[in-house]
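Step one of this worksheet: look at the structure below.
The values are calculated or read from the model by the stated rules, or taken from the named source; none is laboratory data. Nothing here was measured: the structure is a model prediction, and the numbers come from that model. Cβ placement follows ideal geometry from the backbone for every residue including glycine, while neighbour counts extend to all protein chains displayed.
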Amino acid sequence: MPRGDGRLSHELDPQLPGPQDECGVFGVWAPGEEVAKLTYFGMYALQHRGQEAAGMAVSDGSGITVYKDLGLVSQVFDEQTLAPLTGHMAVGHTRYSTTGGSTWENSQPTLMATNTGTTIALAHNGNLVNTADLARELAEIGHDPGGTTSDSFLAAAMLTANADESVWSAALRTLPKFRGAFCLVFCDEQTLYAARDAQGVHPLVLGRLDRGWVVASETVALDIVGATFVREVEPGELIAVDEHGLRSERFANPDPKGCLFEYVYLARPDSTIAGRNVYASRVEIGRRLAKEHPVEADLVIPVPESGTPAAIGYAEASGIPYGQGLIKNSYVGRTFIQPSQAIRERGIRLKLNPLRENIRGKRLVVVDDTIVRGNTQRQVVRLLREAGALEVHVRISAPPVTWPCFYGIDFATKAELIADGLDTEGIRRSIGADSLGYVSLDGLIGATEQPKTRLCRACFDGVYPIELPAADLLGKHLLEGLDKSVARPVNGKTAGARL
Ligand code: SF4
């Protein structure tokens, strides 16, 4: 699916998306339960983490069936497609492409046969940074990407490369070779597995059903299927669930560096990460923003909906009343009809409409979660002024994003980032606001209640906690440029798959 087509986005203009979340992963082991439907709902709760493709693999103990396609969960699956997906275990995935383009071949779960006649289905959230090394290692033993250009394919190929090994021991041997951010949920015919990188960059949680286990990217996916939260899958931990229960082993020493951006923007507000509720973090960011950047005003409004908790916090700490000034059309991001250039140039009113009665004659504080290119905020400021606002003071609940992310989040290119070329005063002028204030990095970190040393802040401060290879060995389309002239692996069974 080309960028912008029907993609849900935090931005006003679907042609200019904000930071793109990486992926959502979900796994359930629950004999006697409708695992495909549980997975469907789990993926539904994780839709915000990836809107390019959705897929699930279901095992009935003797074979694995995969169904996946480009599109949203609700577009890919319906009662008819779910009905034949019966079994005791399932793995689900919602995809945003971080390495490899947005093609059907790269959608997940990735299915791959082992040389012992079994199959694994794998779903990956995050981004590996040593993809080139892994691809070279696989090429040396005769594996071919087979049309796929994703790092997730490489992970599946590495896990199945050795004929004489169980999946468990292959995982323990192979996972320490992966560098970067990865939350993996995978299965063979009998067993559900989950693994998280040693830094635990992105969240992965374990939950309990009456008759089974669930693993998922965020706690909201446990809530939706009625699973109780047990604990996080620990950084550097591999777990397996089968009829004998749950096993766990460390494959790497934990060195936690959780993604700070999850708290600001990526995760759903009703999720909890490392013991800290995301909504509570965002309200606290707003309180700190009010202390760091006070202003005299009549009303605090959010840019809905992601700016809402921080706006509530700002209002609370400043004593300025909180209200709505912009109404969001929740359905516009789901349309496949894109505005023509001519319509777009008339101003983007597709997603937000001003509440003139609340705005007219007021001095406004407008709280948003992040500035990427500045287009959204420029349009919002213009919209509010046209609706009669006397003053517009923009407050942002994250510091300026000035560095790229290599661990699974796709920002605009560095050249597109407004903070790359302009200081705060330059950005204020560019968006036409009366004043502009960003929460400080220390303020943001404090609001998460996590020690600074246990967080990745690289997109804000350029300190990358996982070593990066040379610049020419990084990038979303790296594998599309590598030599593919080696033999194909044995293909797995992909019944029900369609383009
Ligand atoms: S660079 Fe930013 S977005 Fe990427 S993992 Fe680190 S904190 Fe998260």
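Of the numbered conditions (1) hydrophobic (A, V, I, L, M, F, W, C); (2) in a loop (DSSP other than H, G, I, E, B); (3) away from the ligand (no atom under 16 Å from the Cβ), Val201 satisfies every one except a single condition; which is it?
Condition (3) is where Val201 drops out.
Report, by residue number, each residue of the range 177-190 that is over 18 Å from Arg250 (Cβ atoms) and either part of a loop (DSSP other than H, G, I, E, B) or free of Cβ contacts under 8 Å to residues at least 24 places away in the same chain (or both).
Asp188, Glu189, Gln190
Go through Val278, Val220 for me and flag whichever is in contact with a helix residue (DSSP H, G or I) (Cβ under 7 Å, 6 or more places away or on another chain) and away from the ligand (no atom under 16 Å from the Cβ). Spell out the reasoning first.
Numbers: Val278 fails: away from the ligand (no atom under 16 Å from the Cβ).
Within the list Val278, Val220, the selection yields Val220.
For the condition out of contact with any strand residue (DSSP E or B) (no Cβ under 6 Å at 6 or more places or on another chain) and more than 16 Å from the ligand (Cβ to nearest atom), what is the one hit in Asp442, Asp423?
On the way: Asp442 fails: more than 16 Å from the ligand (Cβ to nearest atom).
One residue alone meets the criteria, Asp423.
Tally the residues that are in contact with a Phe, Trp or Tyr (Cβ under 8 Å, 6 or more places away or on another chain) and under 22 Å from Ser281 (Cα atoms), restricting the search to the range 403-441.
Of the residues in the range 403-441, 3 are in contact with a Phe, Trp or Tyr (Cβ under 8 Å, 6 or more places away or on another chain) and under 22 Å from Ser281 (Cα atoms).
Residues Leu482, Leu474, Leu478: which one is surrounded by fewer than 17 Cβ atoms within 10 Å (Cβ to Cβ) and either modelled with pLDDT under 95 or away from the ligand (no atom under 16 Å from the Cβ) (or both)? Can you show your working first?
Numbers: Leu474 fails: surrounded by fewer than 17 Cβ atoms within 10 Å (Cβ to Cβ); Leu478 fails: surrounded by fewer than 17 Cβ atoms within 10 Å (Cβ to Cβ).
Result of the check over Leu482, Leu474, Leu478: Leu482.
Mind listing whichever residues of the range 121-136 are under 17 Å from Lys177 (Cβ atoms) and in contact (Cβ under 8 Å) with a residue 24 or more places away in the chain?
Here is the first cut: in the range 121-136, the ones under 17 Å from Lys177 (Cβ atoms) are 122, 124, 126-136.
Those that are under 17 Å from Lys177 (Cβ atoms) and in contact (Cβ under 8 Å) with a residue 24 or more places away in the chain: Leu122, His124, Gly126, Asn127, Leu128, Val129, Asn130, Thr131, Ala132, Asp133, Leu134, Ala135.
Would you check if Pro254 is in contact with a helix residue (DSSP H, G or I) (Cβ under 9 Å, 6 or more places away or on another chain) and either crowded, with 17+ Cβ neighbours inside 10 Å or of a type outside the set (Gly, Ala, Ser) (or both)? Please lay out each step first, then the result.
Numbers: in contact with a helix residue (DSSP H, G or I) (Cβ under 9 Å, 6 or more places away or on another chain): no; either crowded, with 17+ Cβ neighbours inside 10 Å or of a type outside the set (Gly, Ala, Ser) (or both): yes.
Taking the combined requirement at face value, the residue does not satisfy it.
Is the range 42-59 home to any residue that is modelled with pLDDT of 90 or more and in a loop (DSSP other than H, G, I, E, B)?
yes
Just wondering, is there one or more residues in the range 163-176 that are touching a Gly at 6+ places or on another chain (Cβ under 8 Å), in contact (Cβ under 8 Å) with a residue 12 or more places away in the chain and surrounded by 21 or more Cβ atoms within 10 Å (Cβ to Cβ)? Give the derivation first.
Going residue by residue through the range 163-176, those that are touching a Gly at 6+ places or on another chain (Cβ under 8 Å) are none.
No, every residue in the range 163-176 fails to be touching a Gly at 6+ places or on another chain (Cβ under 8 Å), in contact (Cβ under 8 Å) with a residue 12 or more places away in the chain and surrounded by 21 or more Cβ atoms within 10 Å (Cβ to Cβ).
If a residue counts only when it is at pLDDT below 85, which helices (runs of 4 or more DSSP H) contained entirely in the range 372-446 have at least 2 such residues?
Values: elements: 375-386, 418-421, 424-431.
Hits in the range 372-446: 375-386, 418-421.
So Glu357 fits all but one of (1) outside any loop (DSSP other than H, G, I, E, B); (2) in contact with a Gly (Cβ under 7 Å, 6 or more places away or on another chain); (3) over 27 Å from Glu292 (Cα atoms); what number is the exception?
It fails just one condition, (2).
Taking the range 244-267, which residues are more than 16 Å from the ligand (Cβ to nearest atom), touching a residue at least 60 places away in the same chain (Cβ under 8 Å) and among the hydrophobic types (A, V, I, L, M, F, W, C)?
Phe251, Ala252, listed by residue number.
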